[in-house]
1. Looking only at region 444-459, which residues are open to solvent by 30 Å² or more (accessible area, probe 1.4 Å) and at pLDDT 90 or above?
2. Can you tell me which residue within region 907-942, out of those that are over 24 Å from T879 (Cβ atoms) and part of a helix (DSSP H, G or I), is least open to solvent (accessible area, probe 1.4 Å)?
3. Can you pull out the residues in region 749-764 that are modelled with pLDDT under 85 and either of a type in the set (S, T, Y) or open to solvent by less than 10 Å² (accessible area, probe 1.4 Å) (or both)?
4. For region 843-889, which positions are buried (at least 18 other Cβ atoms within 10 Å of the Cβ) and assigned to a loop (DSSP other than H, G, I, E, B)?
5. Can you name the residue in region 588-633 that is part of a strand (DSSP E or B) and charged (D, E, K, R) and is also farthest from the chain's Cα centre (by Cα) among such residues?
6. Name the residue that is nearest to the chain's Cα centre (by Cα), counting only residues in region 299-343 that are of a type in the set (S, T, Y) and surrounded by 15 or more Cβ atoms within 10 Å (Cβ to Cβ).
7. Looking at region 634-646, can you tell me whether even one residue there is in a helix (DSSP H, G or I), surrounded by fewer than 19 Cβ atoms within 10 Å (Cβ to Cβ) and either among the β-branched types (V, I, T) or under 24 Å from the mean Cα position of the chain (by Cα) (or both)?
Amino acid sequence: MGDMANNSVLYSGVKNSLKEANHDGDFGITLAELRVLMDLRSTDALRKIQESYGDVYGICTRLKTSPNEVCGEVSVGEEEGEGETGWIEGAAILLSVVCVVLVTAFNDWSKEKQFRGLQSRIEQEQKFTVIRGGQVIQIPVADIIVGDIAQVKYGDLLPADGILIQGNDLKIDESSLTGESDHVRKSLDKDPLLLSGTHVMEGSGRMVVTAVGINSQTGIIFTLLGAGGEEEEKKDEKKKEKKNKKQDGAIENRNKAKAQDGAAMEMQPLKSEDGGDGDEKDKKKSNLPKKEKSVLQGKLTKLAVQIGKAGLLMSAITVIILVLYFVIDTFWVQKRQWLAECTPIYIQYFVKFFIIGVTVLVVAVPEGLPLAVTISLAYSVKKMMKDNNLVRHLDACETMGNATAICSDKTGTLTMNRMTVVQAYINEKHYKKVPEPEAIPPNILSYLVTGISVNCAYTSKILPPEKEGGLPRHVGNKTECALLGFLLDLKRDYQDVRNEIPEESLYKVYTFNSVRKSMSTVLKNSDGSYRIFSKGASEIILKKCFKILSANGEAKVFRPRDRDDIIKTVIEPMASEGLRTICLAFRDFPAGEPEPDWDNENDIVTGLTCIAVVGIEDPVRPEVPDAIKKCQKAGITVRMVTGDNINTARAIASKCGILHPGEDFLCIEGKDFNRRIRNEKGEIEQERIDKIWPKLRVLARSSPTDKHTLVKGIIDSTVSDQRQVVAVTGDGTNDGPALKKADVGFAMGIAGTDVAKEASDIILTDDNFTSIVKAVMWGRNVYDSISKFLQFQLTVNVVAVIVAFTGACITQDSPLKAVQMLWVNLIMDTLASLALATEPPTESLLLRKPYGRNKPLISRTMMKNILGHAFYQLVVVFTLLFAGEKFFDIDSGRNAPLHAPPSEHYTIVFNTFVLMQLFNEINARKIHGERNVFEGIFNNIIFCTIVLGTFVVQIIIVQFGGKPFSCSELSIEQWLWSVFLGMGTLLWGQLISTIPTSRLKFLKEAGHGTQKEEIPEEELAEDVEEIDHAERELRRGQILWFRGLNRIQTQIRVVNAFRSSLYEGLEKPESRSSIHNFMTHPEFRIEDSEPHIPLIDDTDAEDDAPTKRNSSPPPSPNKNNNAVDSGIYLTIEMNKSATSSSPGSPLHSLETSL
């Protein structure tokens, strides 16, 4: 225990030795060397360990650790802390501002609360087992340091990179990091490297930790997500070299690495170690102008500016005309003198004119607009949650409405991510679906059930789902789970057989390995006879079969000719559909014969009787083909980007409907893609990408870099008229950079890793592609809701401005008083924004093409509606204004003295005006010229409530508003006339919709997106180094009108659950720039080997790779070994010597799966 105490003192010392700059001298191994080692895979890594360190214990010695002791002094980073009626106008304006701020603040608060809960859970829950001072203890993941001896066991999520010291049948699921769908066997003599972010699926072991935080594989990908700041670091590199001579030798190491490797993948921490320098840079960054806006934001900003200018002009002209008219009439026409005692009265007149001018301005500027946008987005986000879309960034849901391309992952998104038996050849019949148990003769079924139950590892099992309504959980080998699932489909339970024949009673087991490509289990029967069950790659097992079970369940002779027939008619068709084929067989050894030599396997596993051949695949989700069809109708191109091989990818793409027969499309592999897009120097060229992406539908065997390159290439492309808006789906850690780069990134909520979720904009809580279609619908609905609101708002504005202007000029007084205008403008528009922004989406939204970035917010049809309704309303208002007193036989309200009481005349004008807006709100529900404006009105309860509520409040204002609202009570007859004239807008709307828009050539559109040429040249120039134009256009803002609130800081605080101190500042708009400039140029090695039909568990097939391929290095981890192998192996030499500038800032909160 004394040791333990000393060790813990030493360890706490370690945590406080942050300021110590260079640790390389203290150890026999440098950070750079460890990074180089961890970038290697399997046999390469083994060779490196043997050449440089002797063995794993050599590394332990250099790290000053042993399998039973605490590690040496390695520095770890710590997380940084984190008259009487005059009040009405002011109150009304204040109320509207408070509404807008509160709605936004509530949104932010609720999001922050969710993430805070998540953060505290992660901090409290995630611990890992390490051996320190000979004691096995559990410590928080953040406290793991290089040199720790960690214990790994089934079910663990590895928090750090390490090298295996001792392992028992250890199998790792590396799919989240490499896209490899089969489990990878880890052993001291084959592949000893364990990577962070991967799951332990079988076995147990111990490892020495070699990389934590940003230096681990997960950390490196996190660094990719925040690849910005890299540009600035390059500019400041020389300064830094002088300042940071002591800092860990990272720059020297990086330069060495460049010399060795040609191009190093530079993964530096983004914050300078030198505190002051970092702060300065942060300040500089935050002061840079934020030019990026979402599509809708850009259009709304432009439109608001245009409307504002027009309003200002109108109000200025109104004030000037009123002042001139008064001065000329009083002092010129009536020839009055300016008397000193009359000055206060004159000033009162001028103030009144100024207030009328302000009223015109207030009416002209649509204050309801920010609220409409906020409400529309907030409402959509809330409803999208019910459609399984958890929106992390508000503007993502609006951007999704403009999406033109979706780059989707295959495994888990389009497919179920569970291997399943989908076809079978039993009793001489080829079943395209799993057959009914009644269709199979009982004795064949009995062989099938026993053979699969005992001849699959007993660690492979199918457990009930964790959540109600979920899918059963597959534990163990995926292929074996598929076979066990096949038994469950045949309504048989494998567990009953296993209970009858426990594992210890198995006489002999020939486990699966890459030489055998099969697994066999021997059972000893009670009568002394033996039976062996065998399963394996179909072409291998069939060669050993001399008999086959026929249709009546009897064994019959199986000749080579019959075998060739089965290969041609069953196995090849299955393989062409991307299925992995497995053959099941058995053999009996009678009791009387002498006991066979069990060690002579070749004599044992021969003379078999074939039971069945099954085809296994990861099936397409049943709802996906329909969802993809909807996307294609909506003008969205779906592309599949997968790490799987090209045959499987092509087969799945055809089943999904991504590929259609007879279409001109491209299906290529990652290496072919890289060859086509790079020039002689190995640099990526946009022109080359532009030749490929329009036809590309499937990119197979792709690395994370390929996915990122494709997404960036499509976004930056200028081939089409519109800039492409790209959505990307992903679930693995390797998808992080592409998710971050895309306009909208979708992460999987169930299967997704935390790195993917952190990089995404929307999380699909049910991992279902159909939810993406819902997101498109909601995105388009947001856009339409804003357009509906604009159509309504601008009609009110046009009428109110013209009435106020002409009324003021002709009668020296506005017919609509300031408070009445505020009721119309603020309250009604705020309510209207709520009513029109909460319209639910309909399927019809998916029947049109995306609007695109340049399509105006206000189309010509909408302009026709705005001007048409404004004309009707102006005619009604002016008729009432100048002839109303005669029609209703009341006193005229025109030319009233300064403080006259409210008149019935002007009250009727105000009341009719408001009721026309109320009925026009119903017209505004349709913006594409539809006739039936009432369609689906009762689906929106909020709309009905608001229209009725507004009507009730209007009655109260008119009947009881009195002087504050400048209203006088009206009779029933006057009310009925007002309602009748208001309802006239509905009839007038029908008349307008009969006029074809194409005839009205003079109508202009408004609210276009910002064009490149409209950005001032000096802005472009100052920004050239920082970011390119297409990048600038990307959505990065939060929501219009609230640019002043520094949302980015909130986001960073909020997602601290996923971040360490390294990532502060990543969300700043400038920090997301291209990673092209610091990704390695992959070097390719193409090696031919025989093409072969898919085998069971090709993971183990890699074990003998060196012998089979003349000791050439095995494929990179991005290669997915699970299905048909095209026979060409691609090795991407990812940078082996990339180093980090400081081991002092590791990523502390290593991710847990939620």
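The values are calculated or read from the model by the stated rules, or taken from the named source; none is laboratory data. Everything quoted here is computed from the prediction, not taken from an experiment. For neighbour counting, all protein chains shown are included, and Cβ atoms are generated from backbone atoms with ideal geometry for every residue, glycine included. Side chains included, ligands, DNA and RNA excluded: accessible areas come from the protein's heavy atoms. Shrake-Rupley method; radii C 1.70, N 1.55, O 1.52, S 1.80 Å.
1. Residues satisfying the conditions are S446, Y447, T450.
2. Among residues in region 907-942 that are over 24 Å from T879 (Cβ atoms) and part of a helix (DSSP H, G or I), the one least open to solvent (accessible area, probe 1.4 Å) is I937.
3. G752, T753, D754, V755, A756, K757, E758, A759 - these are the residues of region 749-764 that are modelled with pLDDT under 85 and either of a type in the set (S, T, Y) or open to solvent by less than 10 Å² (accessible area, probe 1.4 Å) (or both).
4. Residues satisfying the conditions are P850, Y851, R853, K855, P856, L857, S859.
5. The selected residue is D588.
6. Going through the qualifying residues, I end up with T301.
7. Scanning region 634-646 turns up no residue that is in a helix (DSSP H, G or I), surrounded by fewer than 19 Cβ atoms within 10 Å (Cβ to Cβ) and either among the β-branched types (V, I, T) or under 24 Å from the mean Cα position of the chain (by Cα) (or both).
Listed here are the residues, each with its yes/no results for (1) open to solvent by 10 Å² or more (accessible area, probe 1.4 Å); (2) touching a strand residue (DSSP E or B) at 6+ places or on another chain (Cβ under 8 Å); (3) modelled with pLDDT of 85 or more.
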position: V719; (1), (2), (3): yes, no, yes
position: Q724; (1), (2), (3): yes, yes, yes
position: T733; (1), (2), (3): no, no, no
position: V744; (1), (2), (3): no, yes, yes
position: N768; (1), (2), (3): yes, no, no
position: L790; (1), (2), (3): no, yes, yes
position: I802; (1), (2), (3): yes, no, yes
position: D813; (1), (2), (3): yes, no, no
position: T830; (1), (2), (3): yes, no, no
